[in-house]
1. Give the average over all directions of the projected area of the C-alpha convex hull of region 82-161, one decimal, in nm².
2. Sort LYS124, LYS106 by Cβ crowding within 10 Å, fewest neighbours at the top.
3. For the residues ASP90, ASP117, what sequence is obtained by ranking on other C-beta atoms within 10 Å, fewest first?
4. Using alpha-carbon positions, what is the distance between the centroids of region 80-100 and region 120-136, in Å?
5. In which sequence would THR122, THR60 go, from the one with the fewest C-beta neighbours within 10 Å to the one with the most?
6. Ordered by packing density, taken as the mean number of other Cβ atoms within 10 Å over each peptide's residues, highest first, how do 49-58, 143-152 rank?
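Values in this text are rule-based calculations from the coordinates and carry no lab data. This structure is a prediction, so every number in the text was calculated from the model and none was measured. Positions of Cβ are backbone-derived with ideal geometry, glycine not excepted, and every protein chain shown enters the neighbour counts.
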Amino acid sequence: MSPPQDLESRVQSPRPETPEPGSRQGRRNTEPDVQLLDVDGAISRQLETCLKHIFAKYCTPKPSSSNTAEKHLALLDPPAGAYLDQAGLDSWARDTNGAPFSEETKEELQEFLDVTDDGGLTFKGFMQIYQLQTENDEEETWRDLSSHGFDRKLRLVATRREDLDEETSASSEKTNGKQTSS
């Protein structure tokens, strides 16, 4: 039996800016040709590139370092077989959401997502997280991307202040070390 035809007109969304479950997700960005999901509902290539960069910041083994002058805006690429160990997972969750995951959440991730034999989250598992999240709450994914320096055109436009502080501190130590050894 089909619902009454006027049912949809009587139901008002409590959040009109958020598409209803029956509407197409992944098509809300106003920037042309920049979407999180493709026409089939899968993660777009643009989003996958951003997710690789985010994953690579926390994965084991670390990606090979690039030229430090280009480091701020160069996208990282995780090495083959990379995964997030517990420390990497905690760091990513803290940088993204402000706190590490609970033990219960970590157990759920290991149970339902692609992980290594030792329980490390693979890039495939990382993509699964964002596939589910983007299908259900695209704005949350945009917030995550923003917290890692990406804009609404999926460009890396800024590095987190903590990263800048760490690099400044490291370069100061190198400079100071060279000055004292002369």
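1. Hull-based average projected area comes out at 5.7 nm².
2. By the 10 Å Cβ count, ascending, the order reads LYS124, LYS106.
3. In increasing order of surrounding Cβ atoms, one gets ASP117, ASP90.
4. Centre-to-centre (Cα) distance: 13 Å.
5. Working: THR122 19, THR60 15.
In order of increasing Cβ crowding within 10 Å: THR60, THR122.
6. Working: 49-58: 20.6, 143-152: 16.9.
The peptides rank, most packed first, as 49-58, 143-152.
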